[in-house]
1. Identify all residues within the stretch 318-338 that are surrounded by 23 or more Cβ atoms within 10 Å (Cβ to Cβ), more than 16 Å from ligand 2 (Cβ to nearest atom) and farther than 16 Å from residue 389 by Cβ; write none if there are none.
2. Any idea which of 377, 365 is surrounded by fewer than 16 Cβ atoms within 10 Å (Cβ to Cβ) and either modelled with pLDDT of 95 or more or of a type in the set (S, T, N, Q) (or both)?
3. Pick out the one residue from 202, 220 that is over 24 Å from residue 324 (Cβ atoms) and of a type outside the set (D, E, K, R).
4. Considering each residue of the stretch 256-313, count those that are among the aliphatic types (A, V, I, L, M) and in contact with a Leu (Cβ under 9 Å, 6 or more places away or on another chain), and give that number.
5. Looking only at the stretch 111-143, count every residue that is touching a Pro at 6+ places or on another chain (Cβ under 9 Å) and either under 28 Å from residue 203 (Cα atoms) or in contact (Cβ under 8 Å) with a residue 40 or more places away in the chain (or both) and tell me the total.
6. Filter the stretch 289-313 down to the residues that are away from ligand 2 (no atom under 15 Å from the Cβ) and either open to solvent by 50 Å² or more (accessible area, probe 1.4 Å) or over 15 Å from residue 341 (Cα atoms) (or both) and list them by number.
7. Report whether or not residue 89 is open to solvent by less than 10 Å² (accessible area, probe 1.4 Å) and modelled with pLDDT under 95.
8. Please work out if residue 12 is in contact (Cβ under 8 Å) with a residue 12 or more places away in the chain, near ligand 2 (Cβ under 10 Å from one of its atoms) and closer than 27 Å to residue 267 by Cβ.
Amino acid sequence: MNTVVVGAQWGDEGKGKVIDVLAEDADILIRYQGGNNAGHTVIVDDTEFIFHLVPSGLLHPGKVGLIGNGVVVDPEALLEETQRLRARGINVAEAVKLSDQAHLIFPYHKKLDVLEEAARTGRIGTTGRGIGPCYVDKVARCGIRVADLLNEEVFAAKLKQNLAEKNRWLSALYREQPFEFQPLFDQYRRYAKLLEPHVVHGARFLHAAIAQKKRLLFEGAQGTLLDIDHGTYPYVTSSNATAGGVCTGAGVPPTCIERIIGVAKAYTTRVGEGPFPTEFPPALMEQIRTKGREFGATTGRPRRCGWFDAVIVRHAVQVNGCDSIAVTKLDVLDDMPTIQVCIGYQLGGRRLDEFPSDMSALARCQPVYESLPGWQCETGEAERFEELPTAAQAYLKQLEHLVTVPICLISTGSKREQAFKVGRW
Ligand code: GDP
Ligand code: IMO
Ligand code: MG
């Protein structure tokens with residue numbers, strides 16, 4: 001069944017782990033947006049692997065991963081990742097495909113990302129990987145794609161033109177040193193040779209796979225609340241992380257998608273700036289951050305933590321069209337005597353059931369909580385829903401009710417085995 005997995009919160013929901021579990025029943029894994037701002041963790045046999053660009057799930061033998069046209073690719077990061085996969089015994093030449101229409105990240109994008117962030121009054125807290133500036137060039141139609149890189153003449157012309165503009169920008173606005181053409185050109189031509197064996201026409205590759213009845217698994221990066229259109233703008237990333245991004249970012253029709261799964265933690269986290277109504281007070285923040293090891297997989301930054309916010313996950317269920325949700329990190333709540341779930345907001349004298357588009361209003365929203373009893377025992381060994389403590393079952397049932405769709409998978413630990421499917425598959 002062709003499946004899409006998307007983040008239903010602000011990223012880091014455990015999508016990597018869910019993809020790794022579902023990859024068993026898939027043939028081709030596809031990233032359709034974002035770049036190496038993503039960090040997707042998979043733990044197999046006590047060894048951790050963090051995927052940034054290559055789809056998670058490639059630790060299963062015989063799977064093929066495609067980096068779709070909607071992804072922005074830092075070649076250095078991609079080559080470093082394929083190297084790590086090779087060291088794990090993966091036949092990277094066979095397993096990793098790259099769309100020739102994907103846009104490339106250059107050092108000037110990373111430089112501009114950092115400089116623009118420092119110059120902003122309301123910081124976003126970007127990852128500094130050049131993601132935003134690369135998408136800006138894509139939309140401005142001056143970006144450089146993989147296909148351009150492979151054509152020496154075209155690449156030289158495009159790089160010259162981009163450098164002329166970016167260098168003017170860097171020196172006039174930021175008093176920074178310009179980038180020289182030749183070293184950058186030589187460096188990227190070396191990358192071209194290394195990447196060429198992986199390059200395909202992404203959309204045609206997938207259409208051929210669909211014709212052969214291969215099972216596709218699309219892996220969202222970031223999360224719905226970080227989506228450029230449906231998230232907490234401007235505290236978002238620069239791509240469509242939601243399910244709609246699959247069609248544009250991979251070149252497949254909506255009609256080929258058969259199932260959409262939203263991934264949500266049993267609580268909420270956010271890394272970077274922006275409103276976060278259910279954010280914990282300091283002591284609880286420290287407790288959950290430590291227990292859940294809530295530090296960014298890409299930047300190492302401490303993640304902000306809070307209670308489960310049913311308002312935002314319900315929004316995610318709607319805009320993605322989720323059939324079900326996967327709930328991760330249930331074990332992190334094991335010690336809690338009482339658990340709060342946000343069921344709406346209070347804004348001034350008004351009660352809201354949906355989150356406002358005006359971020360200054362969202363920043364003023366006070367969560368309305370429902371309290372549920374905790375279970376205060378370990379859940380990490382459970383292999384079936386019925387094996388969970390009764391209070392944990394009740395908590396999950398209440399989440400299903402609040403977000404309006406059933407739970408399809410529950411994760412109670414970071415290891416591959418610590419997850420089980422629920423309901424009909
Ligand atoms: P992603 O970006 O959505 O793939 O998520 P990340 O990998 O950035 O962050 C999720 C973190 O939680 C990783 O460190 C995972 O190993 C870990 N993790 C995933 N599922 C669980 C779980 O059920 N319990 C616990 N304790 N950790 C989990
Ligand atoms: P995964 O796929 C969590 C956040 C950054 C920042 C904002 C914009 O691992 O869930 P960007 O560098 O994209 O311009 O930063 O988005 N962000 C993420 N937060 N998980 C991610 O990816 C993220 N990717 C970007 O922290 O607030
Ligand atoms: Mg992550």
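1. Residue satisfying the conditions is 322 alone.
2. Step by step, each of 377, 365 is checked, and only 377 is surrounded by fewer than 16 Cβ atoms within 10 Å (Cβ to Cβ) and either modelled with pLDDT of 95 or more or of a type in the set (S, T, N, Q) (or both).
3. Numbers: 220 fails: over 24 Å from residue 324 (Cβ atoms).
Only one candidate qualifies: 202.
4. 10
5. Adding up the residues that qualify gives 5.
6. 290, 291
7. no
8. So residue 12 fits the description; yes.
The values are calculated or read from the model by the stated rules, or taken from the named source; none is laboratory data. For clarity, every value in this text was computed on a predicted model and none was experimentally measured. Here the Cβ is made from the backbone with ideal geometry for all residues, glycine too, and neighbour counts use every protein chain on show. Surface areas here come from the heavy atoms of the whole protein model, side chains and all, with no ligands, DNA or RNA. Shrake-Rupley method; radii C 1.70, N 1.55, O 1.52, S 1.80 Å.
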